[in-house]
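Right, one structure below, let's go through it.
The values are calculated or read from the model by the stated rules, or taken from the named source; none is laboratory data. No experiment lies behind these values; they were computed from the predicted model shown. No Cβ is skipped: glycine too gets one built from the backbone with ideal geometry, and neighbour counts run over all protein chains shown. We work out accessible area using only protein heavy atoms, side chains counted, and drop any ligands, DNA or RNA first. Shrake-Rupley method; radii C 1.70, N 1.55, O 1.52, S 1.80 Å.
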Amino acid sequence: MNFTDAITLKIIHDDTEFTPAKSEILFNCAPTGRIIEGKVLEKAVALETGFLLFITDDIPEEEFLTLLLCDKNFTVLDKATLGATMSTGDLREVELKGDEVHFRFIGDTLWRLRPLGQPSLRLPLITDPRGASRPLGLRQYFTLQADPKRGG
């Protein structure tokens, strides 16, 4: 697992009042044909089996972070979104630690993402920490944990 600069995004259309921005994933500047929601690639991690993408919409007053786990052909296998309406966030302190990616987004919460070698069972509304949402489904290709900073 390592950071990569080989992946970029090409904006297909900006967000509107009713639709999110859409971008095409480029690999080594070549189009992949894969269109995703979002317009800023904050960080990309190369995995043995694919890629982990950290994507935002560049809306400072209401920033969400989308985490996409893709296979080597950039087919999205798993997706999670972090954030809340009317909250601001910035991705920072992204680090690779063993088999996990650690980062901070919105406040001082330390998020830990662990890609899985095989998909595992996900129980909707139970598996993920507060502040994270995923599309409906019973499969996950990464786990997500949050450690909020305690006051004191």
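Note on residue 35 and residue 108: with the Förster distance fixed at 35 Å, the Cβ-Cβ geometry gives a FRET efficiency of about 0.55. Protein heavy-atom accessible surface, 1.4 Å probe, per residue over the chain: 58 Å².
In this structure, the amide hydrogen of residue 77, modeled 1.01 Å from its nitrogen in the peptide plane, lies closer than 5 angstrom to those of 69, 70, 71, counting only residues at least 5 positions away or on a different chain. On the range 30-132, 50 percent of the accessible area sits on carbon and sulfur atoms, based on a 1.4 Å probe. Can you pull the one-decimal nm distance between simple spin-label points at residue 8 and residue 139, each 7 Å off the Cα toward Cβ? With each label point 7 Å from Cα toward Cβ, the separation is 3.3 nm.
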